[in-house]
Amino acid sequence: MTRVALCVDLLPSQIERLRAGLDGAELVETGEVLGCEVAFGNPDPGAVMAAETLRWVQLESVGFGEYTDLDWESLGTRLTLTNLAGFFAGPVAETALAGLLALTRGINDLLNLQTSRTWEGDPIRTRLRSLSGSHIVMVGFGAINRRLTNLLAPFDCQITPIRSNTGLDELDRAITTADVVVCTAPDTPATRQMFDAKRLGLMPSHAIFLNLGRGSIVDESALAQALNTGQIAGAVLDVTEEEPLPTCHPFWTCPNTILTQHSGGGTADELDRKIDVFLANFRRFKNEEALVGVVDMKRGY
């Protein structure tokens, strides 16, 4: 009998729906992967390495950075890792657009004025920007940024995609004329600290930086300094290196900074849709068919 480790926090009703869909397989609700062939969720990387019976892990995330340092030369011969590639594209793209419009149209400032019951009026108008015609550099051109490109169509923006095979020289040239930089790249050795002080310094002072990929992509100290000194105009940050963000972190007080607290992909039916994805892939696993969302850990995507 196949044993499935549940590594996701679910409601009792969702657990029962999951169990019913497993067609007789044993569900291990403790999340213990030892002795299991399948895991649903994001188990501890060390446990994955030690669980010799484990054949497939269905992540509940798109990101897989915590597993990149495992010995995939040996693991890859017995274990398949699948992620939720594309699963969050719609809501994350909407969060990106909402944050971008909030900064360009001054909504964040207006909310602060409303909280303090301060009427500023006409002087606000000259500080506002239009998104129309903006040059938007998209670092990582997967499902999220492709969806965001569609949402931006009415604004007639110039889109410059930076893909995984694009050279860093091309990235550096593109961001020198960017009005907006949207980063959705995954956490890999190649992307860590990609936006350091030097690269942030290439961006125009009016540019807005959005990070909806992974916190490791950015040198956070350099970004905080760039925001505090006005080196760049603002940021929308869905991810940070440490989550929850420590109360002493400078991002809390950086000007023109919107922290969406890794909620960008959230929807009310998120967990139920994750169960649907897992059960569909589980049927493929049982039938020895190709799984959807396989991550090539040797290549990093």
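The values are calculated or read from the model by the stated rules, or taken from the named source; none is laboratory data. This is a predicted model, so every value here is computed, not measured. Note that each Cβ is placed from the backbone with ideal geometry, even for glycine, and that neighbours are counted across all protein chains shown.
Before moving on, here are some points about what is shown:
- Verdict on L81 being surrounded by 21 or more Cβ atoms within 10 Å (Cβ to Cβ) and in contact with a strand residue (DSSP E or B) (Cβ under 8 Å, 6 or more places away or on another chain): yes
- Conditions (1) in contact with a helix residue (DSSP H, G or I) (Cβ under 9 Å, 6 or more places away or on another chain); (2) of a type in the set (D, E); (3) part of a loop (DSSP other than H, G, I, E, B); (4) surrounded by fewer than 18 Cβ atoms within 10 Å (Cβ to Cβ); number of the one not met by E60: (4)
- Beta carbons closer than 6 Å, at least 6 apart along the sequence or on distinct chains, pair a first residue in the range 137-159 that is buried (at least 21 other Cβ atoms within 10 Å of the Cβ) with a second that is in a strand (DSSP E or B) and among the hydroxyl-bearing types (S, T, Y) for V137/T160.
- The residues of the range 250-263 that are over 18 Å from I232 (Cβ atoms) and either touching a Lys or Arg at 6+ places or on another chain (Cβ under 8 Å) or not hydroxyl-bearing (S, T, Y) (or both), listed by number, are Q261, H262.
- L11 being surrounded by fewer than 16 Cβ atoms within 10 Å (Cβ to Cβ) and within 18 Å of D272 (Cα to Cα): yes
- Test: residue in the range 114-132 that is buried (at least 18 other Cβ atoms within 10 Å of the Cβ), outside the structural domain of L70 (by TED's automatic domain parsing), closer than 21 Å to G213 by Cα and modelled with pLDDT of 95 or more: no
- Given (1) among the acidic types (D, E); (2) surrounded by fewer than 22 Cβ atoms within 10 Å (Cβ to Cβ); (3) not assigned by TED's automatic domain parsing to the domain that holds S13, number of the condition D238 does not satisfy: (2)
- Residue match in the range 196-206 (condition: surrounded by 19 or more Cβ atoms within 10 Å (Cβ to Cβ), over 27 Å from G293 (Cβ atoms), touching an Asp or Glu at 6+ places or on another chain (Cβ under 6 Å) and not basic (K, R)): no
- Close pairs (7 angstrom Cβ cut-off, 6 or more residues apart or separate chains): closer than 15 Å to G63 by Cα and outside the structural domain of A190 (by TED's automatic domain parsing) in the range 272-301, of a type in the set (S, T, N, Q) and modelled with pLDDT of 95 or more anywhere: G293/T82; G293/N83; V294/T80; V294/T82; V295/T82; V295/N83
- Residue among T77, T149 that alone is modelled with pLDDT under 95 and either part of a helix (DSSP H, G or I) or not assigned by TED's automatic domain parsing to the domain that holds M194 (or both): T77
- Look at (1) farther than 22 Å from R283 by Cα; (2) in a loop (DSSP other than H, G, I, E, B); (3) β-branched (V, I, T) and you find that V92 fails only one, number (2).
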